[in-house]
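The values are calculated or read from the model by the stated rules, or taken from the named source; none is laboratory data. Computed from a predicted structure; not experimentally measured. Keep in mind that these areas ignore ligands, DNA and RNA; they rest on the heavy atoms of the full protein, side chains included. Shrake-Rupley method; radii C 1.70, N 1.55, O 1.52, S 1.80 Å.
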Amino acid sequence: MGQGSFGEVWRACDPVLEREIALKLLLPRGMHPDEELAAVMAEARAMARVRHQNIVPVYGVDRRGGRVGFWSDFVRGRTLTHLVRAEGPLSARDTLAIGSALCQALAAVHHAGLLHRDIKASNAMVDADGRVLLMDFGLSQDLQISGDIAGTPNYMAPEIRAGEPPTVRSDLYAMGVLLLFLSTGDYPLTERRTEETPATWTIVGDEISVAALRSIICTATQPDPQKRHPSAIAMGQVLTTAVDSTSDTDDPARGIMRGRTAA
């Protein structure tokens, strides 16, 4: 199905339970095989404790033929990257609704004592029913070679680039960049475009939702971590409040995104 910095994702079948699954085979990281498996097992067990409707559940982990892998539910839908590339930037309200769902999922990850460390549009999906899902968290944490910087450059917080350890607020920085990508289709925060300011971002939507989204993104992407939202719960609450102020829909993310997920 695809390949990222940590592994390959395959569409597969569980022959025991006779169901379709997504299988992620990790790429070699220079670790001893037993240490690699132990690290993956520890993280998979932690991930299995995370119960949330916006998180793809992990079913198992094992080592076969020298490769370590884990498998999870196979989601029929599109990543947010594919959605934006195919249909263009989302409206401010759609972005707020998706961000609200993702922050609720991220709060569950943090509550389990994990950091995501690679939040980006390709690690989130909208399924065929319009449900927003956060994927691929936690396992990258213990699979780094000492000295490596994990993550995707466009989403990386300044302190991570400087070599500081990741925190909850570095995850929130990446979430802010994700919201910016969803609403603009680009990464205006990259170093090559430092001349751009929030006032120059082209975001579609009504005045209230656009203003709310700009404010949330600016707070989440503050260079100083202490000036960002204090937690995923807090950021999610601000996003939810902004969505509620622009619509009476009970479940905005599902209502907005339904019908936009066909491949």
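Tabulated data for the structure shown
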| read-out | value |
| --- | --- |
| Solvent accessible area, Å² - Asp73, 1.4 Å probe, full protein context | 50 |
| Ile208 - accessible surface, heavy atoms, 1.4 Å probe, Å² rounded to 10 | 100 |
| Solvent exposure, largest accessible area first (probe 1.4 Å, DNA, RNA and ligands not counted), of Cys103, Cys218 | Cys218, Cys103 |
| For the range 25-78, convex hull of alpha carbons as volume per residue, Å³ | 94 |
| Relative contact order (%) - the range 39-100, alpha-carbon pairs under 8 angstrom, separation at least six | 20 |
| With all protein chains modelled, accessible area of Arg19 [1.4 Å, Å²] | 80 |
| The range 1-51 - percent of accessible surface contributed by carbon and sulfur, probe 1.4 Å | 57 |
| Residue order for Trp201, Trp71 - accessible surface, 1.4 angstrom probe, largest first | Trp71, Trp201 |
| For the range 1-65: relative contact order, % (alpha-carbon pairs under 8 angstrom, 6 or more apart) | 20 |
